[in-house]
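The structure appears right after this line, and notes come after that.
The values are calculated or read from the model by the stated rules, or taken from the named source; none is laboratory data. Keep in mind that this is a model prediction, so the values were computed, not measured. No Cβ is skipped: glycine too gets one built from the backbone with ideal geometry, and neighbour counts run over all protein chains shown. We work out accessible area using only protein heavy atoms, side chains counted, and drop any ligands, DNA or RNA first. Shrake-Rupley method; radii C 1.70, N 1.55, O 1.52, S 1.80 Å.
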Amino acid sequence: MGGSDSKPVQQQPPPSNPELDKPWRKFDWSKKEALQKKLENFSPTNPDVKAIKILVAGQIGAGKSSFINSLNSAFQGRISARALVSASIGADSRSFTQKLRGFTIKSGKKSLPFVFKDIMGLEPEVLTGSQPDDIVKAVFGYVKDGYKFDEKQPLTQEDKHYTSDPELSDQSFCLVYIIAADTVQFADDRVIDKLTIIRQRISNMGIPQVIIMTKVDEACPLVKNDIRKLYTSKKIKEKMDWCHIKTGVPMTNIFPVKNYHDEIETEDDIDVLILKALEQIVQIADDRLNDSEMY
């Protein structure tokens, strides 16, 4: 009897564990009510400003308007849709938001003292989407609500929506940039270049920036099954590291969240992530407001 020609079966290495042994960021999932109460009682430290303005920018389809709606939903205890959202975003789509508009956040019937300014989305092409010049002008209060973004040229002083001498209360004290976790590492470098230009120009005037990383459930199956795995997910940590390296925004100012999308009722775990991000945004913006005389 001859010997067998069969080869030994090579053992495949076990699949790598997608989860870290312990959370890489400390997070208290039980603080929803405390965060909500703290934000409801917040007031700007500068008496000349009754409501802190925060400008929200981002690539098309990342979820800018959905984030604003999710903020309202967390306080209302129901799904809110005040900021209109496109039904679908495809590769050839353009920004659904065309005009600058401010949205107050409400708890019940009470308007809270912060306003989120929704702006046209950034697009890769040089002369499409929200112009970096327009975003910078909007941050510093030179652009009135209702301004329709022009893809061919930024706002000029001759436009009726231009404010030549904005007051402190007209300015935004934080730029929030929305990035989708499921496509973050495929983001067009031209969009990142636009963000870099904006960052450089507003950083020179002390305006802080925050990144809200949306669609974490679509980026990681672990998180999709259990959102509380967010801070033990290796994949989400890698994507946040990428955001930090590519944009220069410190990790302490990057917050992964899940916007409300197909839900018909609010959920505490989604709310607490959104409320924690809002708490940090408001505190960062208020710190900049306090330092406004330095600039």
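Brief remarks follow.
- Peptides 132-140, 37-45 ordered by average Cβ neighbours within 10 Å, highest first: 132-140, 37-45
- Length gained when the stretch Met251-Thr163 is fully extended (0.36 nm per residue, less Cα-Cα span): 28.2 nm
- In terms of distances greater than 19 angstrom between alpha carbons, the cross-link table entries Lys32/Lys258; Lys234/Lys258; Lys22/Lys235; Lys64/Lys237; Lys50/Lys106 yield Lys64/Lys237.
- Dimensionless Rg/Rh of the range 19-71 - Kirkwood Rh, Rg from C-alpha atoms: 1.08
- Order by protection proxy (mean Cβ within 10 Å, highest first), peptides 108-117, 250-259, 19-28: 250-259, 108-117, 19-28
- Over the range 181-295, Cα pairs under 8 Å with separation of 6+ residues give a relative contact order of 29 percent.
- Heavy-atom accessible surface of the range 136-295: percent carbon and sulfur, 1.4 Å: 45
- Accessible area in square angstrom per residue, the range 213-292, 1.4 angstrom probe: 42
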